[in-house]
Structures are given as structure tokens and as C-alpha cells.
Amino acid sequence: MEKFVRPRPEFPKRAVVTAGMPYGNKELHFAHVGLALRADTFAQFLRDRIGKDNVVFVSGTDCYGSPALEYFRALSLKGEINDKSVKDFVMRNHQSHKDTFNAFGVKFNFFGASALEPASSIHNDVSAYFINKLNENNMVSTHSSWQFFDEQYNCLLNGRQVLGKCPIEGCTSEKGYADECDIGHQYLPQDLIDPISTLSGKKPKLVKIENLYFNLDNCVEILNEWINSIEKNSDTPSFMVKELREFFKKPEVYIKKDYFEQFDKIRNLLPHFVEQERKPTTPSMTIVFETLPEREHACEILAENGIRYRTGKTLTPFRLSGDISWGVPCPELQGIKNQTFYVWPESLWAPISFTKTYLKSIGKDENEWEKYWCSKDARVFQFMGEDNLYFYGPAQQAMWLFTQGEQPIYPAPDGQLQTTTLVPIKFLLYMNTVASSSGQIKPPLAKKLLDYYTPDQFRMHFLAMNLGNNSASFNPKPFNPNAKEEDTDPVVVEGNLLTNVYNRILRTLFYSTQNEFNGIIPTSTIDEEVLEECKKAILNYERFMYERKFHQAFNTVDVFVRNINKYWVKNFSSSITKDALAHLTANAFQYIFVANTLLHPMTAGTEKVASYIGLDKEKCFDWNYIFGTFYDVMDKNRNMALTFIKEKEDFFKRHQSQLDELARKNGQN
């Protein structure tokens, strides 16, 4: 076990934890739940660590926007759904989201929906507040942007009614929509390669539409301060900083070698640019512009001359409004009226709406949310996929900062919206392939997994993945056509810590205490060596949880629990005296008390363990007591009496399908 040498991390007095919002156009797949379980684990840890009344864990269904509208239209035309309206459609999916998260044991304080009460009216007000505040601070502009128009259907197309290829250099996405690909790259509609209307199947034309934009491209200086600051924090993933910095490059265009000759003929027509050195071994050249308008003008010239190109990542104006009917109403500003909010900005401040809705539901003052989002004593931890870093990173942090005024400062003063802590996970693969519900490889629905696994098995498997640094593949054996009968199911391996190792030492301790001490835990002194070993595990675990390194927190607990079994086997013998057994039992229960506390954020089954031991339910997981002895948190009304357990009783059970399979194999043998 790693020796702890660093000072203990400092935790906030209050915290908000958010989990990425699933779209309201479909049911949840495994990655949605995998992300939420990591957020749930951290929220439960914080409840234990800083007090449950100081933690708010929220998320919700992202109801609005073209994904919901397009899915509703397409499924209605096929006769596959009976919903009368898009609102009914997302309401049904929202209920499915809630039911699925509940089935996996995710304990949100509030899981809402941006279009449904009790959150929708509050969300509309929050949306109006943000755009009005940003407009007051001269950070909202109108721009004529290109939008796709289907001439056969005589209508403007929403984002999901256009399919093409992402223009961002190096992108591996399967689908590019009007201004965003399916892995989150943002671009201008005119840059989409080979666009096709999903309505007519033909190439749509581009028309100019006036929309409201946040001037994100003017925020480079203060965002650089933010990135430089978080880079110094031990809990900031290095890959996140690297990916965020890519958005701060000057506007670039990449031109393939096949078009070099054509490019050289028209290069003098372009705005001023710097050409990077052409190398014989590279398949394209890079030209760099000083400003975004210069790059976009250059792209128009390249397109007019039949030169294919791709663009690089850079900060662009962030769209705030659009003309899609299914959205949050946008206030009339700068002559732009009868529009709705673009789905991405309103989904960024939706967690604030949900926090306000939750606090209102428990009778708190309407300004109570500010203690969580605007105080230096608080932190907001936001769990998301790495493909959404652009939105939660530059776009959100800049909007938050510019609610201060025209000249915001970083870090934000107390009482102003604070920048949030981003907790991205790397891409989750399925059967070693990029999986997307809108792609060719369809991941299993989350609720289907419960036909084969317990929530604990699923949770432990995902916590053990090093998703904070590396992509990982989800390979459930029942869904793997190449799996052999004798193969181990990788999803159940980490769960064996509970179903095999922890169950075994718990049963041993309970049976021994029932048989030798009439079910009463003996009183004895806890060895200093035991207390010191517990302390080391606690401090290592605390550091790993603080840094959201769940795989290392899991490994810490895994080693600790296995060592309890080893400790018992080493010190127990058939000739042990009664006093020695009482001392051994007390030490073992001390280990169990600590292990159970560390496991609590990972599995709700620990609450049954605590109850059966007779621990005080208000104290047993409270970190104010974690460095003491288990005697300090015993329920005084229980008089040290265990709850009696029967032979072969399990605190953590395997899935029934696994038990049936085991019985079948044993029957064959």
C-alpha cells in the first residue's frame, strides 16, 4: 500500500455534483449510467466527508433541441410511437431515465427535466437571466449565420436534419450534423462536408439567418488565466488541459496535397495568412489566420474555387439562439425576436435551475443556491464525457465569468458565479469499438444489463476503470458473440471483492461472535498497529477520492479488505484462548468499520452491514468519527449485539442469472 506523505486535501464547506444530462430523445445506454455512477460515488463520498446537508447532487433530462424534435418526427412517421407531441415524447423518456437511474441505485437529490415542471418555469427564468446579464455586459452580438434550407420541403432544417462529414481535421466521427458532429466538435454550417437533408435526401442550400451569439472569441485572455490556474491543481487531469488548449490556437485551415497546385493559383486572393512549412511526408498543408472572420472569408474563397479543406479547432462565437420551435423562449434582444435558446447554452445552466428547484422543494430561501454556486466556500464538480469539454470548458466558464461585468476578473470574487471543477472521463468503448446510440455500433440499453448484473457489480466494474486518464472498453460476456463458455466475465471481476472476499470475512466474524460470544461483540483494546494501518488506508483513499481517481480508491479498498481476511487467517487457530479471540475479534471489527466506511460511496450494501453490526446510523459513515474506534459509533441501544445471521447468508449477492448458471455447471459436474 502506498505510504501517505502529502498533507490532507482541503474540501469545500458545500458542494454541487452534476452528471451529464442525457438527451430526451431516447433511453439510457450503459455509458450514461457508467458516468452517473461515478458522479453518484463522489457525491456520496462528499456527503460522508463534509455532511449530507452540504451536498446537492443534480442532473436531468436535456429535453429541448433538434435531437428530440427530429427523433419524434422520424419515429412518428414510422408509426413506432404513440406520443401526441414532442413534450409527451420527452416526458416518457424522462420517466424512463429516472426509473433506470433508480434501478442502478443512483441517489440524485434532484433529477429534473428542462421542459417539465417543477423545473421548467425556474429554468426559463434562469435562461432569461443569463442572456440579459451577458447582453448588459456587451458580450452578446447578432450575427448572420448560414443555416440549411430544404428547397423540396420549403423549410429550414434543424441541426439533426442535416448529415455530412465533420470538417475538423483528424475527426473520426461517423456523423456530422449541421454545426456539430456526434463526438462534439463545433464548426460553422458552411464548413460541413457533403451535407444531405434527412427530409428529401438531397443537398440543402445555405441561407443567412440572424441569431444571437456570445462573444466567446473575445474571452481568450481570461480563459488562459483559468486554464493556467487549474493546470497547477493536483486534481486536474493532464489530458483535459491538453485538449482545452487546442481550442486556443489561432484559426487554421488544412488543405490536402491534391489541391496544392490549385491553391497556389489563388493564394493571393486570400486574407493575410501564415503558411507552415510544407513537408514531403505530410498529406496536407496548414495555413494560419490572425482572426476568425479572415479564416471564414478564406474558406469561402477556397470553396468557390473547388478546393477542399478542413478547419482546426479555435474559439468561435457561441450561438445562444435559433429558430427551432422546441426550445426555451428567448427574450427579444437587439431586434431579434420570436426565437428560442440553442440547446447547448441552456443545458449548461440547467444544473443551476435544478439546484434552485431542489432547494425550493425543501423549503430553502430563493437565494440559497448562491451559497453553492457563488461562494468561495463551495465547489461545483461536473462529470461529463470528454467530447463535451468545449461546452463545459471555454463556453461555460467564459459565460460564468462575464456575468460579473464587462471587465471580469479571475478567480471570480466571492458572491459571483465561480468557475466549476470539470471531471471528464475518456471515451468508453463497447467491445473495443467506439459506441454511440446514433452510430453503427449500438451499445446495450442500461436497463437490459440488469438482466445479467447487479447494480453493485456494474458500479464496481466502472469505478475500477481508469477513465480519468485512458479510454476503456466495456465487454460484457452475455453480449459478446466471441465469448467462450469458460471465459471469465470481465464485468463481475471487481464485484467479487464484495460477493466473495468481503462476504467471507463478514460471515466469519459474525459466525465466530455468535458461536463464542453469544452474538455480543467483545470489548477489548484496539492495537495501535491496527489503528495505524487503518489511518494509512483512510488517508490514501481520501486523496484518491479528492482527485477523483476512483480506480486507485477502489484498489486501496480492495487491498485493505483482502488484508482483513489475511489478518484473521494469520491470527486465528483452533487453540486460541477466549481472551485472545476477543482481542482478535475487536481488531477485526475495527478493520470492518473502516472498510465499510470506505466502501459506502461505492455500494449501498454497506448500510446493511452497519445495521447488522449495530453501528449508529447517524455516525457510522460520518468522517468526523473515522479515525476513532468502532466502539465510538456503536448504537448504545443495541448493547453491542449483532443481528443474527443464518448459515451462508450473504450481505452482497450475485445476480440470479449467475447463480443459475453456476447451479447448471455444478449439475453437469
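So, in the range 202-220, exactly how many residues are in a helix (DSSP H, G or I) and either within 30 Å of PRO9 (Cβ to Cβ) or in contact with a strand residue (DSSP E or B) (Cβ under 7 Å, 6 or more places away or on another chain) (or both)?
The total comes to 1.
Please enumerate the residues belonging to the range 117-162 that are part of a loop (DSSP other than H, G, I, E, B), in contact (Cβ under 8 Å) with a residue 60 or more places away in the chain, touching a Phe, Trp or Tyr at 6+ places or on another chain (Cβ under 7 Å) and surrounded by 19 or more Cβ atoms within 10 Å (Cβ to Cβ).
Selection gives ALA119, MET139.
Return yes when LYS208 is free of Cβ contacts under 8 Å to residues at least 12 places away in the same chain, surrounded by fewer than 18 Cβ atoms within 10 Å (Cβ to Cβ) and not assigned by TED's automatic domain parsing to the domain that holds VAL288 and no when it is not.
no
Looking at the range 599-610, can you tell me whether even one residue there is touching a helix residue (DSSP H, G or I) at 6+ places or on another chain (Cβ under 6 Å), closer than 26 Å to LEU37 by Cβ, part of a helix (DSSP H, G or I) and among the hydroxyl-bearing types (Ser, Thr, Tyr)?
yes
So, THR629, is that one more than 34 Å from the chain's Cα centre (by Cα), modelled with pLDDT of 95 or more, under 22 Å from ILE50 (Cα atoms) and not aromatic (Phe, Trp, Tyr) or not?
Criteria met by THR629.
Only residues in the range 507-534 that are β-branched (Val, Ile, Thr) count as the first member; pair them with residues that are assigned to a strand (DSSP E or B), Cβ under 6 angstrom, at least 6 apart or cross-chain, and list the lot.
Sorted first by the residue in the range 507-534, then by its partner, the pairs are ILE520/ALA641.
If you check ASP451 against the conditions, is it surrounded by fewer than 19 Cβ atoms within 10 Å (Cβ to Cβ), out of contact with any Asp or Glu (no Cβ under 6 Å at 6 or more places or on another chain) and charged (D, E, K, R)?
yes
On the given criteria, is PRO195 outside the structural domain of GLU346 (by TED's automatic domain parsing), of a type outside the set (A, V, I, L, M, F, W, C), touching an Asp or Glu at 6+ places or on another chain (Cβ under 6 Å) and crowded, with 18+ Cβ neighbours inside 10 Å?
no
Test LEU389 against the criterion of being part of a helix (DSSP H, G or I) and more than 17 Å from the chain's Cα centre (by Cα), and give yes or no.
Spelling it out, it is not the case that LEU389 is part of a helix (DSSP H, G or I) and more than 17 Å from the chain's Cα centre (by Cα).
Just to be sure, is GLY405 surrounded by fewer than 17 Cβ atoms within 10 Å (Cβ to Cβ), in contact (Cβ under 8 Å) with a residue 24 or more places away in the chain and over 21 Å from VAL55 (Cα atoms)?
Considered against the rule, which asks whether it is surrounded by fewer than 17 Cβ atoms within 10 Å (Cβ to Cβ), in contact (Cβ under 8 Å) with a residue 24 or more places away in the chain and over 21 Å from VAL55 (Cα atoms), GLY405 comes out as yes.
Which number in (1) in contact with a strand residue (DSSP E or B) (Cβ under 6 Å, 6 or more places away or on another chain); (2) among the basic types (Lys, Arg); (3) part of a helix (DSSP H, G or I) marks the one condition that LYS360 misses?
Only one criterion in (1) in contact with a strand residue (DSSP E or B) (Cβ under 6 Å, 6 or more places away or on another chain); (2) among the basic types (Lys, Arg); (3) part of a helix (DSSP H, G or I) is unmet by LYS360, namely (1).
Could you tell me whether the range 192-201 includes any residue that is within 23 Å of LYS250 (Cα to Cα), at pLDDT 85 or above and part of a strand (DSSP E or B)?
So far as the range 192-201 goes, yes, one or more of its residues are within 23 Å of LYS250 (Cα to Cα), at pLDDT 85 or above and part of a strand (DSSP E or B).
Each row is one residue, and each column tells you yes or no for (1) at pLDDT 95 or above; (2) under 21 Å from THR18 (Cα atoms).
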{"position": "THR340", "(1), (2)": "yes, no"}
{"position": "LYS364", "(1), (2)": "yes, yes"}
{"position": "MET384", "(1), (2)": "yes, yes"}
{"position": "TYR410", "(1), (2)": "yes, no"}
{"position": "LYS426", "(1), (2)": "no, yes"}
{"position": "THR433", "(1), (2)": "no, no"}
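One residue is enough: does the range 269-280 have a residue meeting the conditions of a type in the set (A, V, I, L, M, F, W, C) and loosely packed, with under 12 Cβ neighbours inside 10 Å?
The answer is yes; a qualifying residue exists.
Among the helices (runs of 4 or more DSSP H) confined wholly to the range 418-527, which include 3 or more residues that are within 18 Å of the chain's Cα centre (by Cα)?
Ranges flagged: 455-464.
Quick one: which of ASP53, ASP48 is over 25 Å from SER197 (Cα atoms), touching a residue at least 24 places away in the same chain (Cβ under 8 Å) and in a helix (DSSP H, G or I)?
The match here is ASP48.
Among residues belonging to the range 283-335 that are assigned to a loop (DSSP other than H, G, I, E, B) and among the charged types (D, E, K, R), point out the one that is nearest to GLN147 (Cα to Cα).
ASP323
Let me spell it out: the conditions are (1) more than 34 Å from the chain's Cα centre (by Cα); (2) surrounded by fewer than 18 Cβ atoms within 10 Å (Cβ to Cβ), and ASP650 meets all of them except one. Which number is the exception?
Condition (1) is where ASP650 drops out.
Taking the condition of a type in the set (Phe, Trp, Tyr), without any contact (Cβ under 8 Å) to a residue 60 or more places away in the chain and over 20 Å from PHE462 (Cβ atoms), does PHE72 pass?
Spelling it out, PHE72 is indeed of a type in the set (Phe, Trp, Tyr), without any contact (Cβ under 8 Å) to a residue 60 or more places away in the chain and over 20 Å from PHE462 (Cβ atoms).
The values are calculated or read from the model by the stated rules, or taken from the named source; none is laboratory data. Here the structure is a predicted model, which is why all the values come from computation and not from measurement. Counting neighbours? That spans all protein chains shown, and the Cβs are built from the backbone with ideal geometry, glycine included.
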